[in-house]
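Computed from the coordinates by the stated procedures, all read-outs in this text should not be read as laboratory data. This structure is a prediction, so every number in the text was calculated from the model and none was measured. Here the Cβ positions follow ideal geometry from the backbone for every residue, glycine too, while neighbour counts run over all protein chains shown.
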Amino acid sequence: MSVQQEIKRLTAPDILARKGGEPLVCLTSYHAHTARILDQHCDVILVGDSLGMVMHGLETTVPVTLEMMILQGLAVMRGSKRALVVVDMPFGSYEASKEQAFLNAARVLKETGCGAVKVEGGKRMAETIAFMVERGVPVMAHVGLTPQAINVIGSFRAQGREESDWARFEEDTLAVAEAGAFSVVVEAVAEPLARKLTAAVRIPTIGIGASAACDGQILVLEDMLGLSPRVPKFVKRYTDLGPSIDKAVANYAVEVRARAFPGAAHVYAMKTKKL
Ligand code: KIV
């Protein structure tokens, strides 16, 4: 008799229930193989639109399309079993109207099988978030530095470093929580502001360049692995894979040029004939 152990995937309500509890571990992934590794350790895997920079060498996330997000979302779902997979809604796919947001988010849920989507923006997105949540789309919000707004804000600068500026971030965070978001990413804001936002809302805050007081943390995987050429101040490199990959590829090139690879262990011999 074979016994199949069912692995239950975390859901948006499971993540919401973690408010104030053990910190949520979140990372980005865009591929099945990295998703498989992250799934052993993470509560949430975000298929971030940072894939525009990481996978495609783009300067910003603005050119990323819904099709790109769906393709990589599907790959991450195939590679994972347990973590909640959240797929970013790319620029231009949700801002025009709440109906546009719902229809595109429904496509993401149906075509990838993921458990939630993420949208950038605070107060201005509240009505849209409420509309989506009421219709069955779990939404993670994203406030503070919102990279999709780069052409309006001008640079990827930390936000809220003057206390006089805090009110709008508080309004944004409260508005998305009130609208029904199950969690909110707080990106690149002054540490005391992130702490204050976390204390003010009833949903988990997921910090990136924010505060250890947040209910969870997220980083772009390639940034923390040392694979990204430039990283913001808030990134801690947990390893430096770049030089290891460089060394491996250099060794491969030497062996191929010397016809030392493939060796006897890496080629197929003929079948031995039975006499
Ligand atoms: O796109 C992304 O990777 C993100 C994280 C940095 C939060 O939105």
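What the table below lists for this structure:
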quantity	calculated
Derived scalar couplings ³J(HN,Hα) [region 102-114; Karplus, 6.51 cos²θ - 1.76 cosθ + 1.60; whole Hz; x for Gly, Pro]	4, 4, 6, 5, 4, 4, 4, 4, 5, 7, 10, x, 5
Calculated P(r) of region 81-155 - Cα pairs past 18 Å, %	36 percent
Phi to ³J(HN,Hα) by Karplus 6.51 cos²θ - 1.76 cosθ + 1.60 over region 47-63, Hz, x for Gly, Pro	8, x, 6, 4, 4, x, 7, 5, 8, 10, x, 6, 7, 9, 8, 4, x
Ratio Rg/Rh, restricted to region 162-250 and using Cα atoms, in which Rh is the Kirkwood radius	1.13
Reach of Lys196 by Cα under 16 Å, taken over lysines that are not fewer than 8 positions away in the same chain	Lys19
Karplus (6.51, -1.76, 1.60) ³J(HN,Hα), θ = phi - 60°, over region 30-35, in Hz, Gly and Pro reported as x	10, 10, 4, 5, 6, 4
Globularity index of region 124-180, i.e. its alpha-carbon radius of gyration over 2.2 N^0.38 Å	1.26
The chain: angle of helix 241-257 to the longest principal axis, Cα-based, in degrees nearest 10	30 degrees
Anchor Lys247: lysines whose Cα lies under 18 Å away (excluding residues fewer than 8 positions away in-chain)	none
Calculated log₁₀ intensity ratio I(q)/I(0) where the Debye formula runs over C-alpha points of the chain, q = 0.10, 0.11, 0.13 Å⁻¹	-0.54, -0.64, -0.85
C-alpha center-to-center spacing [region 247-275, region 160-220] in angstrom	54 Å
Net charge over other residues, Cβ less than 12 angstrom from the Cβ of Ala32 (K, R count +1; D, E count -1)	+2
Sum of side-chain charges, Ile7 neighbourhood, beta-carbon under 13 Å (Lys, Arg +1; Asp, Glu -1)	+3
Calculated diffusion of region 1-128, Stokes-Einstein form, Kirkwood radius summed over Cα pairs, 25 °C and 0.890 mPa s, µm²/s	160 µm²/s
Beta bridge orientation in the chain: antiparallel %, DSSP, nearest 5	5 percent
Calculated diffusion of region 1-69, Stokes-Einstein form, Kirkwood radius summed over Cα pairs, 37 °C and 0.692 mPa s, µm²/s	228 µm²/s
Long-range HN-HN contacts of Leu24 with modeled amide H, under 5 Å	Gly216, Gln217
Long-range amide H partners of Leu58 with built H, under 5 Å	Met53
Debye log10 I(q)/I(0) at q = 0.15 Å⁻¹ for region 55-181, Cα point scatterers	-0.73
Among Ala167, Ala105, Ala75: highest mean-square fluctuation, GNM of the chain, C-alpha pairs under 10 Å	Ala167
Most mobile listed residue (Ala188, Ala260, Ala83) in the chain, GNM with C-alpha springs under 10 Å	Ala260
Helix-only [θ]222 nm of the chain, DSSP H runs n ≥ 4, -39500 (n - 2.57) each, per residue, nearest 500	-10500 deg cm²/dmol
